[in-house]
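These notes concern the structure reproduced below.
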Amino acid sequence: MADFAGVEAFIAVARAGGFRLAARATGQSASSLSDAVKRLEAQMGVRLLNRTTRTVTVTEAGARILARLTAAMAEFDAALDVANDYRALPNGRLKLNVPVNAARLMLPRILPPFFAAYPDIQVEVVVTTSFVDILAAGCDAGIRYGERLEKDMIAVPIGPRRQRFANAAAPAYLEKHGMPQHPSELLAHACLAGRFDSGALSTWEFEREGEVVRIEPGGPLIVQSGAVDLALAAAVAGSGIVQLFEEWLQPAFAGGELVPVLEPWWPAFPGPFLYYPGREHTPAPLRAFIDFTRQYRW
């Protein structure tokens, strides 16, 4: 019978895509994880991972075994979680995969009161700027907008139900370059643009009374989607016009560091959802978090 430590080590390395990343995620050393996987491979008589000096990938046999192990570990965790049915308050760990804006704008308001209500639940937050499979990433649930939700997932609203993208610039910038009155005028301005992880530049979209305008912003700065604070700082310093979530800009608006630009044109969209697999047994920490978010008022 394969040893459980080896199984856990293999799953961690396969999910992380390497021994060092798995070591960071599990708190174990990379060498101990490597030894555990080697023992498991020797016991099973099959190679599970292809290793080079630069990469670690799952073999075909390893991928098939990983799929079965992932389902089996979920059942194992569900069996242990039954104990939570007999506790006054559930305990355990909840791992969430969330976009940058959720980690910055939503979770700081939700988690402190959640911890006060459920002191024995530990929440691990994985912030990502790209689309990921939450199950393959070892997460219990994620936060995502409606157009990015996967099939066969249960989704419940979380956070504000209506959000807007907002544009802003420093007063000094607008004094020098003028206030645009129509989105098309942004083509003559310095814009602080964003780039998706896919490599595509973000398009700025505007809408007013049925008129939709899309522009490709150009200017002195392009940032990846995870470097929002840099774009915000550049805007405050007067480097150009930025477009971010309205909530992200509110403190700068309140302090007078930034001024709204083209506000009548700001596009609105539905807020995000907490999503999780539809399975027979939902882990108690996740169940508690779902119930808590449902009663939370924004």
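Residues checked against (1) among the small types (Gly, Ala, Ser); (2) at pLDDT 90 or above; (3) open to solvent by 60 Å² or more (accessible area, probe 1.4 Å); (4) closer than 19 Å to residue 15 by Cβ:
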| site | (1), (2), (3), (4) |
| --- | --- |
| 88 | yes, no, yes, no |
| 91 | no, no, no, no |
| 96 | no, yes, no, yes |
| 113 | no, yes, no, no |
| 116 | yes, yes, yes, no |
| 120 | no, yes, yes, no |
| 123 | no, yes, no, yes |
| 131 | no, no, yes, yes |
| 135 | no, no, yes, yes |
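Of all the listed residues (218, 194, 226, 210), the sole one being on the phi > 0 side of the Ramachandran plot and either exposed (fewer than 14 other Cβ atoms within 10 Å of the Cβ) or in contact (Cβ under 8 Å) with a residue 24 or more places away in the chain (or both) is 210. Looking only at residues in the stretch 249-298 that are charged (D, E, K, R) and at pLDDT 90 or above, the one that is nearest to residue 89 (Cα to Cα) is 287. When residues in the stretch 238-292 are screened for being of a type in the set (A, V, I, L, M), surrounded by 15 or more Cβ atoms within 10 Å (Cβ to Cβ) and either closer than 21 Å to residue 141 by Cβ or free of Cβ contacts under 8 Å to residues at least 12 places away in the same chain (or both), 5 of them pass.
So that you can scan it fast, the table gives a plain yes or no per residue for (1) in contact with a strand residue (DSSP E or B) (Cβ under 6 Å, 6 or more places away or on another chain); (2) farther than 23 Å from residue 126 by Cβ; (3) at pLDDT 85 or above; (4) in a helix (DSSP H, G or I):
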| residue | (1), (2), (3), (4) |
| --- | --- |
| 1 | no, yes, no, no |
| 5 | no, yes, no, yes |
| 22 | no, no, no, yes |
| 38 | no, yes, yes, yes |
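Among the residues of the stretch 97-121, the ones that are over 15 Å from residue 292 (Cα atoms) and in contact (Cβ under 8 Å) with a residue 40 or more places away in the chain come to 8 in all.
The values are calculated or read from the model by the stated rules, or taken from the named source; none is laboratory data. Not measured: the values here are computed from a predicted model. For neighbour counting, all protein chains shown are included, and Cβ atoms are generated from backbone atoms with ideal geometry for every residue, glycine included. Surface areas here come from the heavy atoms of the whole protein model, side chains and all, with no ligands, DNA or RNA. Shrake-Rupley method; radii C 1.70, N 1.55, O 1.52, S 1.80 Å.
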